[in-house]
1. Output the number of residues of the range 9-59 satisfying the condition of being at pLDDT below 95 and at positive phi.
2. It is to be established whether one or more residues within the range 16-26 are of a type in the set (A, V, I, L, M, F, W, C), outside any strand (DSSP E or B) and touching a strand residue (DSSP E or B) at 6+ places or on another chain (Cβ under 7 Å).
3. What residue, of ILE69, ILE51, is in contact with a Lys or Arg (Cβ under 6 Å, 6 or more places away or on another chain) and not basic (Lys, Arg)?
4. For the range 18-50, which residues satisfy the criterion of being within 13 Å of HIS81 (Cα to Cα) and without any contact (Cβ under 8 Å) to a residue 60 or more places away in the chain?
Amino acid sequence: QVQVVESGGGLVQPGGSLRLSCAASGRIFSINGMGWYRQAPEKQRELVAQITVVGYTMYADSVKGRFTISRNSAKNTLYLHLQMNSLKPDDTAVYYCNYEDDSGGYWGQGTQVTVSS
């Protein structure tokens, strides 16, 4: 099993920045992919960014050039980060981190990001 704890989020003005983080512990040696998703009210959950264990990244068109996904590990914990810059009101959503292995995915509890003046 993999345990995931998510942190970050909050209220920010348009053009501002936020950093989201997740920490995964347990059977992290089995993880082969990580990503960030978001779900806005009355919309389906969508993929924001992905990163593989070797560092290959992919971004949704709507966040390219503004968001950066990264990962690092320390003391049997695998960290996942999402640096969000130049935030827009359309970025408002609950953000979820996800870690995947061959048996499925492990989700963070979700954190609210609100972009508003």
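The values are calculated or read from the model by the stated rules, or taken from the named source; none is laboratory data. Keep in mind that what you see is a predicted model, and the values were worked out from it rather than measured. Here the Cβ is made from the backbone with ideal geometry for all residues, glycine too, and neighbour counts use every protein chain on show.
1. 4
2. Within the range 16-26 (the criterion being of a type in the set (A, V, I, L, M, F, W, C), outside any strand (DSSP E or B) and touching a strand residue (DSSP E or B) at 6+ places or on another chain (Cβ under 7 Å)), the answer is no, since none of the residues qualifies.
3. After applying the criteria, what remains is ILE51.
4. Scanning the range 18-50 gives ALA23, VAL48, ALA49, GLN50.
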